[in-house]
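Dumping the structure here so I can ask a few things about it.
The values are calculated or read from the model by the stated rules, or taken from the named source; none is laboratory data. Source: prediction; values computed, not measured. Glycine gets a Cβ as well: all are built from the backbone with ideal geometry, and neighbour counts include every protein chain shown.
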Amino acid sequence: MTGKPLDPEQAIRDWLAESVPSQLPASLKEALEEATSRPAGRVEPWSGASSHRLRWAGRVAAVAAVLAIAVSGLYLFGHGRTALPGTSPSASPGATGSPDGRPSPEPATSSPWPEPTVVALPGSTWRLASAFPALVAPDSEPYRSPVFALASGGFVAFVPTASGQSSAYQSSDARPMAFRTEGPTRTPVSSWETRVYGSFDGAHWIGQSVLPGNTATVTAVAQSGVGVEIVAVGWTGVSPNTTATAWTSSDGQTWSAVAMPGSNGVEAVGVVHGPAGFLAWANGPTSTLMWASGDGTSWRRLETSGLPAEVGPDCLFSVGDGWAAAISGDKAQVWQSTDGARWTLAWQGPAATSPVEGYYMGPIAESPDGGYVSFGEATQGGGPLEFPSDIQIWTSKDLLHWTRASRVPRPGWVDDFTAFPSGYVAAGQTVSQNGGEPSQYGSLGVWVSEDGESWRPLAGLPSIAMVDVLSVVGDGASVVVTFVDSSGNLQMLAGHESK
């Protein structure tokens, strides 16, 4: 002890130096330093301050320091540093950095399952996460992507898992016959738990909880801006005995479930959040079914009109104060609604330029220029080519009206696309060809592009044969390629740069 009185501002500065993480934005760190570095009497709201004003100014400095602490806490909470995604209240922020300097969480001590293994790709900033549990699904169901991006940043995964069950590789029946590869017989399952994982960067994952209800299948996720509320939709049960269900959580660890009204035998396939709340939908036997909710916990069935009865929308978007529904088949259409019930046709795709030409819209992503892009497919001969069919690019400024743009060769058999901070990412399988015809599956293929037209293979990608790519999703900073191997084991490839 020196006998000097304790300087409260110095104590606050010392606390900030030890407690505030180094990865705070520079602007916020500068504000914290500014708020806590001025000695008492230096904060002068008016010139020529008297002694009592100097004392008041010193108190302002102390209050500013306290506010700085509060701001740093709000920043940490707003960026998921308390519980969501990828950690728990008992987990401390990790020191292991991502390739671009973003924080990577350490395994939480409360995580109920072993953490996946993360391996950096040689010569690349991408990382491969493996050793997840094997995915399970009923014999009649294909694997569904368990990974979804959050509007607040980061990712959440809902992994259906059954202890002691195996799930062998099964090619999608939608693939051309030349690409189908027979694998071991899939073990039928009728019971499983759905485990919830969270991640900041798509590579480092932490188990958080189990969804309430057995046989839960999640198909889509939306997030509100208030309370960081997450709403997941899908169904429970095995077809035809399914019930459309919504699950909600504010922290990724505690979930509540509610059955959609009038949803027996129904499977919810999508959900979106907008100014009017949440809108969920399902492809019913004769029409598209829709439900609306203000908070994700209480839903009402909508009586819809206008949408085509023979085919449901592929995706829905929030536009202005209403909604847009995209139908991305060979009769590309966009429908618009202000209430989610009454729909009108906003755009119809152009006719084919020849009797043997066809086109399909595809996955839609926000482009780096602030607009939107859809990576579709261009075909000839009255149907899709086995390989290689061309990529048909569509562009839009408002999600309601689209322009057919470039047509470029595919780099491989592409299953999905998404936008990257500096361009785009596509993933699927490389293909061996003999005389221009596909001969067999190749290994995992990932390609990157700055403009969507010129594609190059991802550097350092290992050769992984017999994979089924389930999705490519991005949160605006990172991209996650989700796939299963020949044994049904889930793996994720995550990156921060398109190199």
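Residues that are modelled with pLDDT of 85 or more and either more than 26 Å from T379 (Cβ to Cβ) or polar (S, T, N, Q) (or both): does segment 350-363 have at least one?
No, because not a single residue in segment 350-363 is modelled with pLDDT of 85 or more and either more than 26 Å from T379 (Cβ to Cβ) or polar (S, T, N, Q) (or both).
Answer yes or no as to whether T219 is within 20 Å of T161 (Cα to Cα), free of Cβ contacts under 8 Å to residues at least 24 places away in the same chain and out of contact with any helix residue (DSSP H, G or I) (no Cβ under 8 Å at 6 or more places or on another chain). Spell out how you get there, then give the answer.
On the way: within 20 Å of T161 (Cα to Cα): yes; free of Cβ contacts under 8 Å to residues at least 24 places away in the same chain: no; out of contact with any helix residue (DSSP H, G or I) (no Cβ under 8 Å at 6 or more places or on another chain): yes.
In short, no.
How about segment 304-349: which strands (runs of 3 or more DSSP E) wholly inside it have at least 2 residues that are small (G, A, S) and without any contact (Cβ under 8 Å) to a residue 60 or more places away in the chain?
Working: elements: 315-319, 322-327, 333-337, 344-348.
Result: 322-327.
Of all the strands (runs of 3 or more DSSP E) wholly in segment 406-466, which have at least 1 residues that are of a type in the set (S, T, N, Q) and modelled with pLDDT under 90? Walk me through it before giving the result.
Details: elements: 413-420, 423-434, 437-449.
Qualifying strands (runs of 3 or more DSSP E): 423-434, 437-449.
Okay, moving on. Of the residues that make up segment 189-206, is at least one in the same structural domain as A257 (by TED's automatic domain parsing), modelled with pLDDT of 90 or more, out of contact with any Gly (no Cβ under 8 Å at 6 or more places or on another chain) and among the hydrophobic types (A, V, I, L, M, F, W, C)?
Yes: segment 189-206 contains one or more residues that are in the same structural domain as A257 (by TED's automatic domain parsing), modelled with pLDDT of 90 or more, out of contact with any Gly (no Cβ under 8 Å at 6 or more places or on another chain) and among the hydrophobic types (A, V, I, L, M, F, W, C).
Which of the residues spanning segment 353-376 are outside any strand (DSSP E or B) and under 23 Å from A151 (Cβ atoms)?
From segment 353-376, those outside any strand (DSSP E or B) are 353-356, 361-363, 367-371; that's our starting set.
The answer is G362, P363, S367, P368, D369, G370, G371.
Within segment 226-235, take every residue that is at pLDDT below 95 and over 17 Å from the mean Cα position of the chain (by Cα) and give me the one that is nearest to V210 (Cα to Cα).
Of everything passing the filter in segment 226-235, G227 is nearest to V210 (Cα to Cα).
Another one. What's the total number of residues in segment 117-163 that are touching a residue at least 40 places away in the same chain (Cβ under 8 Å), of a type in the set (S, T, Y) and not in a loop (DSSP other than H, G, I, E, B)?
Count: 1.
Here are the criteria: (1) on the phi > 0 side of the Ramachandran plot; (2) surrounded by fewer than 16 Cβ atoms within 10 Å (Cβ to Cβ); (3) modelled with pLDDT of 80 or more. Tell me which single one G340 does not satisfy.
Only one criterion is unmet by G340, namely (2).
While we're looking at this one, here's another question. Only one of A309, A332 is within 25 Å of V373 (Cα to Cα) and in the same structural domain as A232 (by TED's automatic domain parsing); which?
Values: A309 fails: within 25 Å of V373 (Cα to Cα).
Exactly one of A309, A332 is within 25 Å of V373 (Cα to Cα) and in the same structural domain as A232 (by TED's automatic domain parsing), namely A332.
Kindly list, by first and then second residue, each pair from a residue in segment 259-288 that is under 21 Å from F148 (Cβ atoms) to a residue that is charged (D, E, K, R) and part of a strand (DSSP E or B), limited to pairs with Cβ atoms under 8 Å and residues at least 6 apart or on different chains.
M260/R301
What pairs can you find where one residue is in segment 359-370 and more than 15 Å from G452 (Cα to Cα), the other is buried (at least 18 other Cβ atoms within 10 Å of the Cβ), and their Cβ atoms are less than 6 Å apart, with a gap of 6+ or different chains?
Qualifying pairs under 6 Å: Y359/A378; Y359/Q392; Y360/G376; Y360/E377.
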